[in-house]
Each structure stands twice: as structure tokens, then as C-alpha cells.
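First the structure, in the form of C-alpha cells, and then the observations on it.
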Amino acid sequence: MRRIEAGSYYSYLPKGCKLCRRGAKLTLFVTGICKNSCFYCPVSRQKIGKDVFFANEREVKSINDFLAEIESMSAEGVAITGGEPFLKLERVKEFARISKELGLHVHVYTSIPVKGELLEKVDVDEIRFHPPELKNVERYFDSIKEAKELGIDAGFEIPAISFEAKIVEIANELDAFLNVNQLEASESNWFALEERGFKIEDYYVENFEVVKLYEKAKKFHYCTARFKDSVQFRRRLIRMAMNHPEFYLVTRDGTLLFTRIEGNLDVAEKILKKAKIEYMRFEDCIETSLEVANCNLKDVLKSQNLKVAIAERYPTVNRTLIELTWV
């Protein structure tokens, strides 16, 4: 086993996971609709059971939204997920095709044992099967076998809720991978986990006894919730942050530091243009160099009834503020 960041380790790492580790995978949430009701599903209440479509944090209303998100993070791959993606087959087919035309690696998650002609119609590099609540595992044998025969890397991706020996048997017999995820707790599944006796620590469940049993798989990967947040998410933020104009100061966590100006933005623009200061204008504010809040220019702005603050935010499309200090 090779140990990596935040408690994760592996004997085999699918390419989709390698790209995720670098923060280079765009998550394409094609729908929140699913015919299963797994008690441990961590999908947010805003998405679960709803036909919503997102590329990372960006709502996808057209192909251009998808392309904009790819560009914003310099994506190298796309992870198609849900809900159950194959309930929106045309979306999966269309966006997998676009992704492949752009030279991106594509992997898809599904609880449906798809095989045969359907597998041939969906152009993906990798498929990850999830038996709902780890039941009826045998249904996926032919699907994994046929996927591999088509040149698609295939295997299981499951949460560490219990040990099912058949999963390991099938994975080893078919030379398939087994990704085991640390069980995550969210507002959607918190009470269901507690009712079943799972001990929640922070926002995850430690279940090492179960994880150790799954290490019998030859192609094994254990991914922790902390890894997803402190490594994958942080690295994606850094990629996105580095694609912003140079006046933003990028932190080690991938957030942006800058000066935020609110008020009459037309007046603010005139002042910044006269001073030859680079900036970006949004509906609610202007963002510009951190130096503006620490020089005489801030007094000029404030004399025109403009509000000036030192701000920190995520580099994502929703521009979520982390901290705001008025000067």
C-alpha cells in the first residue's frame, strides 16, 4: 500500500483518482434524481431528488456554462455524477462526447448495472459501479466484465458502511478496482447515520475495521473525507485562483485576497481608470488590488461615499466571501 495525503492510501489508483488528487477533475452533477434511497447518501438537500445540473458550483444552463467552468479551472478531466446519471442518458452522452472531443479524461458513477450497447454509446474512460446499500452485488459482474472488454477501466466505488466479501471476490476475479470512501455525514444523512449507530466525528465516520477487510482487493484505494476537502478541493481552488488576474493575491488555501469596493461603481471605475489600476467589475462590487486598501487611493474612494474593504473569497463562480474587513 502507498500512503498519501490526509489518511488516504492505495495499491492501485484509477486515472480519474489521480486527476482528482491534482485538483484537475471537474465534477459534473447531471441530476439529483435517483430511484434509490440509500440512507447514507450525502447529496445536499438543495440537490437531492431534484433535476438540477451543475459543473462544480456553476449551474449549467447551456454548453457554454460547462465550457466556462472547464476553462476556469484548466480541467484535465470530468467526473460525471448525481443522483443517478444514467437517468439522464442524453446529458451523459452529450457532455461525455464534448469532454472527449476536448481531450479530457471522463469517468462516470452509476448504481445501474449498465452493459452491452449502452456502454458502447457512452464514451467514457472509466466507470464506477455502486451497489445501493451494497446489496445484489452479483448484478454488476457482467457490467464490469463487458466494460473492461470495451477498454473502459471499471470497478466498484462504495462507502465504508459494511463489509461485503462478494465485492472483493468480483473485483479480484475481473481485475477490477475497488475504491472505498470514508463515510461522509451531511445535513441529508446525519440522522439516518446516527439512528444506525454510526459514530460521527466532525463530518465523517471512522470505520477502519471495515476498510481493512476491503484491503483484500488487489486494486484497492481508500479515500478519506479529509482528503477530498484538504487536498482535492484545495488544489482545485488553487488551479482556479491562478487563472484570475494577477492583482489578486492567492493564498496557500487557494482563496483570493483583494480590495472590495461597494457603492456607485461608475464613480469607482472613473477613479481607478484615472489611477491606471486594474480591476474587475461585478453587479454588486468592484474587486481590485489589495494595495488600493492600503494607500491614499482608499481615501479618495471613501470621499466619494464608496465603501472600501479588504476581502477574502473563494475563486469559484459564486464568489463566496470568507472574510470582509472595512477600512
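Quick note: the coordinates plus some simple rules give every number you see, no bench work behind them. Remember, it's a predicted structure, so these values are computed and weren't measured experimentally. Positions of Cβ are generated from backbone atoms using ideal geometry, with glycine treated the same way; all protein chains shown enter the neighbour counts.
Some points to look at:
- Beta bridges by DSSP in the stretch 1-106, antiparallel share as percent, to the nearest 5: 45 percent
- Average projection, convex hull of the Cα set of the chain: 18.1 square nanometres.
- Dipole orientation for the chain: of the candidates GLY77, CYS285, VAL137, CYS285 has the Cα lying most toward the positive pole (charges on Cβ; Lys, Arg +1; Asp, Glu -1).
- For the stretch 7-162, the gyration tensor built on C-alpha atoms gives a rounded shape. Its axis ratio a/c (a ≥ b ≥ c) stays under 1.5.
- Amide H contacts under 5 Å for ARG58, placed H, 5+ residues apart: none
- Full-stretch length increase - ASP253, ALA275 - with 0.36 nm per residue and alpha-carbon distance subtracted: 4.8 nm
- For the residue pairs LYS47/LYS135; LYS47/LYS216; LYS25/LYS93; LYS88/LYS145; LYS15/LYS228, the C-alpha atoms sit more than 27 angstrom apart in LYS47/LYS216.
- Between the beta carbons of GLU5 and LEU118, assuming R0 = 51 Å, the FRET efficiency works out to 0.90 to the nearest 0.05.
- Each Lys and Arg adds +1 at its Cβ and each Asp and Glu adds -1 at its Cβ; summed about the Cα centre, the chain shows a dipole of about 520 debye.
- Prolate/oblate/rounded call for the stretch 106-247, Cα gyration tensor, a/c under 1.5 rounded: oblate
- Expected 222 nm ellipticity per residue - DSSP helices of 4 or more, -39500 (n - 2.57), all of the chain, to 500: -7500 deg cm²/dmol
- Vicinal HN-Hα couplings computed from phi for the stretch 44-58 (Karplus, 6.51 cos²θ - 1.76 cosθ + 1.60; Hz; Gly/Pro x): 5, 5, 6, 10, 4, x, 10, 7, 10, 9, 9, 10, 6, 8, 8
- Antiparallel bridge percentage (DSSP; both residues within the stretch 82-161; nearest 5): 0 percent
- When the square roots of the Cα gyration tensor eigenvalues are ordered a ≥ b ≥ c, the ratio a/c for the stretch 1-99 is 1.5 or more and a/b does not exceed b/c, which makes its shape oblate.
- Taking other Cβ atoms within 10 Å as a rough exposure proxy, LYS270, LYS115 sort from fewest to most as LYS270, LYS115.
- DSSP beta bridges in the stretch 2-241 [antiparallel fraction, %, rounded to 5]: 30 percent
- Projected label distance in nm at LYS15 and SER44, using a 7 Å step from Cα toward the beta-carbon: 3.1 nm
- Separation of alpha-carbon centers, the stretch 52-72 and the stretch 119-196, rounded to whole Å: 27 Å
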